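Read the figures in this text as sums done on the coordinates, not as results from a lab. Because the structure is a prediction, the values reported are computed rather than measured. Cβ coordinates were reconstructed from backbone atoms using ideal geometry, including for glycine residues, and neighbour counts include every protein chain displayed.
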Amino acid sequence: MSQTIAILTGASRGLGAALARALLAPGTQLVTLARRTDDELTALASAQGVKLEQISVDLADANAAAQVAERVCAALPRDAARYLLINNAGTVNPVANASGLTDPAAIGAAFALNVTSVMLLTARFLATTQGLAAKRQIVNISSGAGRQPTAGWAVYCATKAALDMYTRVVNAEHREHGVQAVSLAPGVVDTGMQETIRSSGVESFPGLARFQDLKTSGKLASPADVAQRILALTERDDFGQTEIDDIRNYA
Ligand SMILES: NC(=O)c1ccc[n+]([C@@H]2O[C@H](COP(=O)([O-])OP(=O)(O)OC[C@H]3O[C@@H](n4cnc5c(N)ncnc54)[C@H](OP(=O)(O)O)[C@@H]3O)[C@@H](O)[C@H]2O)c1
C-alpha cells in the first residue's frame, strides 16, 4: 500500500523536475505528465524503490489531456492514505501587448495547458478519489501574475487568474467532502520559463530589465528549495485553509 499517490504535471524540467525529485520517497507512488520524459528521474526512482510512471503527453491538446486524465485516474490504487495532484505544467507564451494578440492558436494553446488541462485532470481526480478514506490534496501552481497585471503577459495573467478562481470553486464544491485545494504562487524561480522571459523583446515585455536583474543579482529562487517548501506546505495541518497562497509567505 502506498502512503501517498502523487500526480504531477510538467515534471520534465524546472520546478516540476524538482518537485518530482522531492516526491521520490519510500511509500510514495508517482505519476508524471509532460511532453518529455526524464531518464534520470527513472533511475532515481528505481534506486529508491519508488513506483514511477512517466507519461508523455501534450497537455495543450485538450482531447489528449482528457484521455490521459481518465486513464491515469482509472488506474490509481484505491487504498492510499493520501492522494496529491500537483498541476504544475504551464507556459508564459504568447508574450505580447494585448493589441498584438492575434494568433488564436497560441492563445488557445496557453489556455488549454494552463487552465483546461487542470480542469480535466482535477475532474477525474475528484471523481476517482471521492468517498475514499484518504487525504485529497490539490496544488495548482499559479503565479503572482494572476493577481497583479503585468504588461505583455495578458494571456499568462488571465490564465493564472482563471486558475485562482477555479481553485476557489473546487473548494466551494468539494471542501465539505475533504478536498483541500490551493492555488499557489511559487515566487520567481530559476527555470527555463525565466530564460523564456529574459529572451522576450522589451517592446512586447516592458518589464524585461527587472527579470534580467533578478538573474544577474542571484535573486531567483532555486527550484529544489521551492519544491521542498511546497511539499512541506502540503504536510501542514492547515494546508488548504488559505486557498490563494504564495510560497513566499512561508519561511
Ligand atoms: N519560473 C517562475 O519564475 C515561475 C513564476 C511563477 C509561476 N510559475 C509557474 O510554475 C510552473 C512551472 O514553471 P517552470 O518555471 O518550471 O516552467 P518551465 O521550466 O518552462 O517548465 C514547464 C514544464 O511544463 C511542461 N509543459 C510545457 N508545455 C507542456 C505541454 N504542452 N504539455 C505537457 N507539459 C508541458 C514542460 O515539459 P515538456 O516541455 O517536456 O512538455 C515542463 O516540464 C508553471 O505553471 C509556471 O506558470 C513559474
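Relative contact order, whole percent, for the chain stands at 20, derived from Cα pairs under 8 Å and 6 or more residues apart. For THR37 and HIS177, a Förster radius of 30 Å and the Cβ-Cβ distance give a FRET efficiency of 0.35, rounded to the nearest 0.05.
Based on the Cβ-Cβ distance of SER46 and LEU132, what FRET efficiency does E = 1/(1 + (r/R0)^6) give at R0 = 35 Å, to the nearest 0.05?
Details: r = 28 Å, r/R0 = 0.79.
Computed FRET efficiency for SER46 and LEU132 comes out at 0.80.
Under 5 Å from the amide H of LEU33 lie the amide H atoms of LEU8, THR9, GLY10, ALA11, ILE55, each residue being 5 or more positions distant or on a separate chain, with H modelled from the backbone and absent for Pro and chain starts. Computed on region 165-251, the Cα convex hull volume stands at 112 Å³ per residue. Could you work out how far the C-alpha centroid of region 113-138 sits from that of region 161-224, in angstrom? Centre-to-centre distance over Cα atoms comes out at 21 Å.
The sum of -39500 (n - 2.57) across all DSSP H runs of n ≥ 4, divided by the residue count of the chain, sets its helix-only mean residue ellipticity at 222 nm to -12500 deg cm²/dmol.
Each listed q (0.13, 0.19 Å⁻¹) maps to a log10 I(q)/I(0) for region 103-251 from the Debye sum over equal C-alpha point scatterers, namely -0.65, -1.24.
Rounded to the nearest 10 degrees, the angle from helix 62-74 to the longest Cα principal axis of the chain is 20 degrees.
For region 38-179, rounded, prolate or oblate, judged on the Cα gyration tensor with a ≥ b ≥ c (square roots of eigenvalues), a/c < 1.5 rounded, else prolate if a/b > b/c?
Note, shape of region 38-179 comes out prolate.
For the chain, build the convex hull from the C-alpha positions and give me its volume per residue in Å³.
On the way: hull volume 30.2 nm³, N = 251.
Enclosed volume per residue, from the Cα hull, is 120 Å³.
Within a straight-line Cα-Cα reach of under 15 Å, LYS135 can be paired with the following aspartates and glutamates, leaving aside sequence neighbours fewer than 8 residues apart in one chain: ASP79, GLU176, GLU235, ASP237, ASP238. Using the average count of surrounding beta-carbon atoms within 10 Å as a protection proxy, the listed peptides 92-104, 222-234, 176-188 rank, highest first, as 176-188, 222-234, 92-104.
Determine the alpha carbon to alpha carbon distance for each of LYS160/LYS215; LYS51/LYS219; LYS160/LYS219 and list only those over 31 Å. Check vs 31 Å cut-off fails for LYS51/LYS219.
Annotation for GLN228 and GLU70: the two label points, set 7 Å from Cα along the Cα-Cβ direction, are 4.2 nm apart.
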